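Encoded as structure tokens, the structure appears first; notes follow it.
Please treat every number below as a calculation from the coordinates, not as lab data. Predicted model only: the values in this text are computed from it and were never measured. Backbone-built Cβ (ideal geometry, glycine too); neighbour counts: all protein chains shown.
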Amino acid sequence: MFNIAKKFFNETEAEENYGNLSLVETPSCNIALRTLRSLDACQECANLIISGNVVLVSYTELNREASLHAADYLAGICYIIEASITKIGRDMLLYTPVNIEVENRRRKN
């Protein structure tokens, strides 16, 4: 069971055994949330992505043209470092490094 979880993280898990019980330390994933209010803020998001962080970007405060320009810039960064982009909502994109996999499940009502 732990082998499935390991594929989502590139870090090593620490495990201690206590008879039939195991204490497992799993790696964590922090998500940086950013709302772009100008194209200048793109550089901070790009630096976070390049550093291997998961970044959720909201484009709600930008007009359509600026949103497209910013998304195109960040897509170029992701292409270069082989990061992934997942559409979360109408104006939100999730940028993830190569060692993080996003599973897209839709809830059925």
Residue order, fewest to most surrounding Cβ atoms within 10 angstrom, among 73, 95: 73, 95
Enumerate the amide H contacts of residue 35 below 5 Å, restricted to partners 5 or more residues apart or on another chain; note that Pro and chain-start residues carry no placed amide H. 58
Residue span residue 101 to residue 64: 0.36 nm per residue of separation minus Cα-Cα distance leaves a gain in nm of 10.5 nm
Whole-Hz Karplus ³J(HN,Hα) for the range 77-93, in order, using 6.51 cos²θ - 1.76 cosθ + 1.60 and θ = phi - 60°, x for Gly and Pro? 4, 5, 4, 5, 9, 6, 7, 10, 10, 10, 6, 9, x, 4, 10, 9, 10
